[in-house]
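Quick notes on the structure that follows.
The values are calculated or read from the model by the stated rules, or taken from the named source; none is laboratory data. These numbers were taken from a predicted model, which means no experiment stands behind them. Glycine gets a Cβ as well: all are built from the backbone with ideal geometry, and neighbour counts include every protein chain shown. Side chains included, ligands, DNA and RNA excluded: accessible areas come from the protein's heavy atoms. Shrake-Rupley method; radii C 1.70, N 1.55, O 1.52, S 1.80 Å.
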Amino acid sequence: LRPPRRDGGSQAGGLVALLVVANLIPRKGVGGVLRVLAALRREGVVRWRLVVAGDSGADPAHASALRRLAASLGLEEGDGEAQVAWAGRLDGGALERAYCEADLFLLASGYENYCMAAQEAAFFGLPTLAYDVGEIALFCAPGGSVLVPVGD
C-alpha cells in the first residue's frame, strides 16, 4: 500500500517534493532542471525540495559538474537544509519510498525511447512534468501530468 500524500506539498512547511530518477549523464537534462529550479527559487514562485536519485558511475565527471552547478546556483543551502538532495542510485524499498514521498516527477531528457522511471512514477500515481519524447505519453499518470516540447 502507498501512504497518502498531503495537499500543499508533502514536506513540512508546504515544500513541493520533486523527484528526478535518472543516471547522471548529460542527455538526462538534470542541469536544465537545476537551472529552472534556481529561477523559481529567485522568483519565489514555489518552495520546493528536489531529490535526485541516480547513478553517477556512468559519467562521474558530469555528476560532479552537476553538484558544482547546484552549489553555484545556491541550491545546496536553503532554509537551513539543502534544497537538492543527491540520493545516489536507489533500489527496492528506497526507490519506492522516493516515489511515495514525491509530489511531482521531473524528466528533462531530450531523448527517451522507453523511460522506465516515468512508467514507475505513473504506477505510483505521481504526476509528471516531462519533455514529450518516446513512449512517455502512453503511461503518464492522468490528471496532472504535463508534457512539453523539448527545450521548453
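Values as computed for the structure displayed
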item	result
Pair list, Cβ under 6 Å, 6 or more apart: the stretch 114-130 residue touching a residue at least 12 places away in the same chain (Cβ under 8 Å), other residue open to solvent by 10 Å² or more (accessible area, probe 1.4 Å) and part of a helix (DSSP H, G or I)	119/139; 122/139
Filter result for the condition that a residue is surrounded by 13 or more Cβ atoms within 10 Å (Cβ to Cβ), closer than 18 Å to residue 40 by Cβ and of a type outside the set (Gly, Ala, Ser), over 69, 95	69
Every residue from the stretch 82-107 that is touching a residue at least 60 places away in the same chain (Cβ under 8 Å), in a loop (DSSP other than H, G, I, E, B) and either more than 21 Å from residue 36 (Cβ to Cβ) or not acidic (Asp, Glu) (or both)	90, 102
Matching residues, the stretch 17-67, being in contact (Cβ under 8 Å) with a residue 60 or more places away in the chain and assigned to a helix (DSSP H, G or I)	27, 28, 30, 32, 33
